[in-house]
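Below you'll find the structure, written out as structure tokens, and then a few comments.
Just so you know, all these numbers are worked out from the coordinates, no wet-lab data involved. Bear in mind that the values here come from a model prediction, so they are computed numbers and not experimental data. Note: ideal-geometry Cβ built from the backbone for every residue, glycine included; neighbour counts use all protein chains shown.
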Amino acid sequence: MRDAYEELHDKLHARQQALKIFLGLVLNMAAFWNPEKIIEARTARDELANANQQIARKADELATLLEQRSNLHETSGFSSDTHYHVCGVIEAASQNNYLFQSYVQEKLRDLRRQFDLKYWPSLSECLQELASDAEKSVMEATDPLTAAATAASRPSRADFFKALFAAIDENSAENYGQLPKGFKLTDRTLASLANCALDLGPDDLVDDAYMKRLRQRERNGAR
């Protein structure tokens, strides 16, 4: 680590806040974007995709049942005293919502009295929209670090470094951060910091040659 500390001192000794921020980034990345955490993020992404698929399928099934029930109410000679108006569902679902009852409920009732049933979507149409929305959903990360760490089709040790590069970029002067413009560390320093922060064993250590190949792949991928 001596060479790494010397390089950090050489490049950031005049910027104590920047040095503190960078070391904090490395520690945060090791805590929250280590390989195990990245696997968890990928798993959560898969679970979200699966949830949307199930919502699309089950909402479509429920929409069909709601339409069937509505038809039976109209043709069978029987009624089941169930919800038929979207406003009724909203009111019932909001019965424990003080803000809804205080500020919205009466206005919604006025609208319901002003416009009869033909102006509102049916319950089955609401469910069909939920099904369609879930079916056409597009998965995307909500922040640059998540996007960088999970971009590859397969998980690898490189995911940690991609997230670290994204964090450095997020905190650079180009993005109004504290790290100086053009701040860049050598491959050897990055490898040493990662080996230490991730507490990698002798058989898992990365070296400057690995970092050089990774950076080259990243540059080629950005073109």
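Using the Karplus curve 6.51 cos²θ - 1.76 cosθ + 1.60 with θ = phi - 60°, work out ³J(HN,Hα) for each residue of segment 98-113 in order, rounded to whole Hz, and write x for Gly and Pro.
In residue order, the calculated couplings are 4, 5, 4, 5, 7, 10, 10, 3, 5, 5, 5, 5, 4, 5, 5, 6 Hz.
Taking θ = phi - 60°, what integer Hz values does the Karplus form 6.51 cos²θ - 1.76 cosθ + 1.60 yield along segment 151-162, in sequence order, with x for Gly and Pro?
5, 5, 5, 10, x, 7, 4, 5, 4, 4, 5, 5
Calculate how steeply helix 208-222 sits against the longest principal axis of the alpha-carbon atoms of the chain, using the helix alpha-carbon long axis, and give the answer as 0 to 90 degrees to the nearest 10.
So the helix axis and the longest Cα principal axis differ by about 40 degrees.
Quick one: 3J(HN,Hα) in Hz for segment 128-144, Karplus 6.51/-1.76/1.60 with θ = phi - 60°, rounded, Gly and Pro as x.
5, 5, 4, 5, 5, 4, 5, 5, 9, 4, 10, 6, 8, 6, 8, 8, x
Between Glu40 and Lys136, with labels modelled 7 Å along Cα→Cβ, what's the label distance in nm to one decimal, could you check?
3.5
If R0 is 30 Å, what FRET efficiency do you get for Ala173 and Ala51 from their C-beta distance, rounded to 0.05?
0.15
Just want the ordering: Lys37, Lys136, from fewest to most Cβ atoms lying within 10 Å of their own Cβ.
In increasing order of surrounding Cβ atoms, one gets Lys136, Lys37.
Pairs Lys20/Lys181; Lys107/Lys136; Lys58/Lys162; Lys11/Lys212; Lys58/Lys107; Lys37/Lys181: which exceed 28 Å Cα-Cα?
Lys107/Lys136; Lys58/Lys162; Lys58/Lys107; Lys37/Lys181
Just order 2-14, 71-83 by mean Cβ neighbour count inside 10 Å, highest at the front, would you?
2-14, 71-83
Could you point to the label whose value was computed as P(r) over Cα pairs in 10 Å bins from 0, in percent for the structure here, given (i) 7, 22, 21, 13, 13, 14, 9, 2, 0; (ii) 8, 31, 36, 21, 5, 0; (iii) 8, 35, 37, 16, 3, 0?
Derived directly from the coordinates: (i).
Going by the alpha-carbon gyration tensor, a ≥ b ≥ c the square roots of its eigenvalues, is segment 47-148 rounded (a/c under 1.5) or, if a/c is not under 1.5, prolate (a/b greater than b/c) versus oblate?
Oblate shape, in that a/c is at least 1.5 and b/c is the bigger or equal ratio.
Given the DSSP H assignment, sum -39500 (n - 2.57) over each helix run of at least 4 residues in the chain and divide by its residue total; what's the result at 222 nm in deg cm²/dmol, nearest 500?
-21000 deg cm²/dmol
Express in nm, to one decimal, how much length is gained between Asn28 and Glu129 on full extension, taking 0.36 nm for each residue of separation and deducting their alpha carbon distance.
Computed gain between Asn28 and Glu129 is 32.3 nm.
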